[in-house]
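J.: Dropping the structure in here first, questions after.
The values are calculated or read from the model by the stated rules, or taken from the named source; none is laboratory data. Everything quoted here is computed from the prediction, not taken from an experiment. Here the Cβ positions follow ideal geometry from the backbone for every residue, glycine too, while neighbour counts run over all protein chains shown. When the accessible area is computed, the model is the full protein with side chains, heavy atoms only, and any ligands, DNA or RNA have been set aside. Shrake-Rupley method; radii C 1.70, N 1.55, O 1.52, S 1.80 Å.
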Amino acid sequence: MGAGGRTFVPPSNRKSEADPLKRVPFEKPPFSLSQIKKAIPPHCFQRSVLRSFSYVIYDLTIAFCLYYVATHYFHILPRPLPFLAWPIYWAVQGCILTGVWVIAHECGHHAFSDYQLLDDIVGLILHSALLVPYFSWKYSHRRHHSNTGSLERDEVFVPKQKSGMQWYSKYLNNPPGRVLTLVVTLTLGWPMYLAFNVSGRPYPRFACHYDPYGPIYSDRERLQIYISDVGVLAVCYGLYHLAMAKGLAWVVCVYGVPLLVVNGFLVLITFLQHTHPALPHYNSSEWDWLRGALATVDRDYGILNKVFHNITDTHVAHHLFSTMPHYHAMEATKAIRPILGEYYRLDETPFVKAMWREARECVYVEPDHDTENKGVFWYNNKL
């Protein structure tokens, strides 16, 4: 049962479910946000402090256990077993810490509890521990949610139009070039975005998430940007002393490499949520909030869906109702799919295969040449 009231249910389209590459409709939807909300059970919007903290404790307990095993037992393993154990630790710990990152992301959306101050305290601690400027990201990410799918105002993974492609792009539009691009994006993409706004929307001057006076932020937000910077600097200071005590190699193995995995998954998840051959983008003549929010895609990461607290396979619902806690998002997604009809897209392609396909097919956007909808842009790769 939903929250009551009549809701419009478009006819289902089994072909679009079987063919995730079929373009989603770009016309104004025949339903409203309130109609979508009425289809969702009311309890899905309720936030529980105890339940939210249970996920924090669960993730941090696993992370500590992995740390304890790695630091107390790996060095006594007979060779060459340590060379196998450390990569396993890096991969598993990186996935668990990505889940921690997602919980801090919930705090930034006020989806952790009913108390904004508590959300910000938890988010600041968790994100700072992962070298993320919490408030800086929170405000730019909020603008991303307010402008999703807009070529002029979206904040992250804004696709280039063909006229804006760099001269060297044609030399990277091949398998070796795509491998190089993906490696750089997955390893350096997140710190480059924070420090230099790489892949973000253009600003009239230099934009940086660490700059309280940068163009990303308003005057009332500047104090919190300072707080974010202090949080990151405090963790860096602690890591410095840890490196002096334990050695740089110890810090890199225990903390640094798992953090690279976190950063890589963060970039990959965001990239695949907003980059897909079936998804449109809009310029100012066509964009509106609901169509932009629907220009996202749910993905299937297998067992990692649970590890990442379903941020991967409930992203459409998240963009529609970002204050909904993650532990209700699966139920909400099932409730809204009949309402959304063809406007909903789920792609169950394995994420590694999907990453390569999107890197190949989604190079730039342009309007279809044989249509009057010049404000609707689709991905293309012909350079």
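J.: Among 300, 19, 154, whose mean-square fluctuation peaks in a Gaussian network model of the chain (Cα, cutoff 10 Å)?
T.: 19
J.: May I pose another question? Taking region 278-383, which GluC sites (Glu not before Pro) meet the DSSP loop condition and have no more than 12 other C-beta atoms within 10 Å? Spell out each step's value before the answer.
T.: Working: sites: 286, 331, 342, 348, 358, 361, 372; in loops: 286, 348, 372.
Sites meeting the loop and neighbour criteria: 372.
J.: How large is the helix-only mean residue ellipticity at 222 nm for the chain, computed as the sum of -39500 (n - 2.57) over DSSP H runs with n ≥ 4, divided by its residue count, in deg cm²/dmol to the nearest 500?
T.: Details: 16 runs with 203 residues, N = 383.
Here the helix-only value at 222 nm equals -16500 deg cm²/dmol.
J.: Moving on. Per residue of region 62-76, in order, report the coupling 6.51 cos²θ - 1.76 cosθ + 1.60 (Karplus, θ = phi - 60°) as ³J(HN,Hα) in whole Hz, putting x for Gly and Pro.
T.: Result, ordered by residue: 5, 4, 5, 4, 4, 4, 5, 4, 5, 7, 10, 10, 4, 6, 9 Hz.
J.: For volume of the Cα convex hull per residue in Å³, the listed values are [x] 131; [y] 191; [z] 163; which was obtained by calculation from the structure presented?
T.: Structure-derived value, by its label: [z].
J.: How much accessible area does residue 199 have with a 1.4 Å probe, in Å² rounded to the nearest 10?
T.: Answer for residue 199: close to 50 Å² accessible.
J.: In addition: To the nearest 20 debye, what charge dipole does the chain have about its Cα centre, counting +1 at the Cβ of each Lys and Arg and -1 at the Cβ of each Asp and Glu? Let's see the in-between values first.
T.: Numbers: 35 positive and 30 negative charges, 74 e Å.
In total the dipole reaches around 360 debye.
J.: Okay, moving on. If I model a spin label at residue 330 and residue 65 as a point 7 Å from the Cα along the Cα→Cβ vector, what separation in nanometres do I get?
T.: The answer from the label model is 2.0 nm.
J.: Through the Karplus equation 6.51 cos²θ - 1.76 cosθ + 1.60, θ set to phi - 60°, convert the phi angles of region 201-208 into ³J(HN,Hα) values in whole Hz; use x for Gly and Pro.
T.: 5, x, 10, x, 8, 3, 10, 8
J.: Using 0.36 nm per residue of separation minus the Cα-Cα distance, give me the extension gain between residue 50 and residue 181 in nm, one decimal.
T.: 42.9 nm
J.: To the nearest 0.05, how large is the calculated FRET efficiency for residue 283 and residue 85 if R₀ is 51 Å and r is the Cβ-Cβ distance? Walk me through the intermediate numbers first.
T.: Numbers: r = 51 Å, r/R0 = 1.01.
That pair, residue 283 with residue 85, gives E of 0.50.
J.: Which residue, 73, 203, 193, tops the fluctuation ranking in a GNM of the chain built on C-alpha contacts under 10 Å?
T.: Per the Cα network of the chain with a 10 Å cutoff, 73 tops the list.
J.: I'd like the Karplus ³J(HN,Hα) series for region 128-133: coefficients 6.51, -1.76, 1.60, θ = phi - 60°, whole numbers in Hz, and an x wherever there's a Gly or Pro.
T.: Those phi angles translate into 4, 4, 9, 6, 10, x Hz.
J.: Would you work out which of 65, 173, 323 lies farthest towards the positive end of the dipole of the chain? Charges go on Cβ: Lys and Arg +1, Asp and Glu -1.
T.: 173
J.: Another question about this same structure. Pull out the extension gain between residue 169 and residue 374, defined as 0.36 nm times the separation in residues minus the alpha carbon to alpha carbon distance; nm, one decimal.
T.: So the extension gain works out to 71.4 nm.
J.: Keeping all protein chains in the complex and leaving out DNA, RNA and ligands, what accessible area do you get for residue 374 with a 1.4 Å probe, in Å² to the nearest 10?
T.: Estimated to the nearest 10 Å², residue 374 gives 100 Å².
J.: Then there is this: State the extension gain, in nm to one decimal, for the chain segment bounded by residue 361 and residue 57, taking 0.36 nm per residue of separation less the distance between their alpha-carbons. Don't jump to the answer; show the numbers that get you there.
T.: Working: separation 304, 0.36 × 304 = 109.44 nm, distance 4.06 nm.
Contour length minus the Cα-Cα distance gives 105.4 nm.
J.: How far apart, in nm, are the 7 Å Cα→Cβ label points at residue 234 and residue 22?
T.: 5.3 nm
J.: Now, a different point. How far apart, in nm, are the 7 Å Cα→Cβ label points at residue 77 and residue 213?
T.: 5.1 nm
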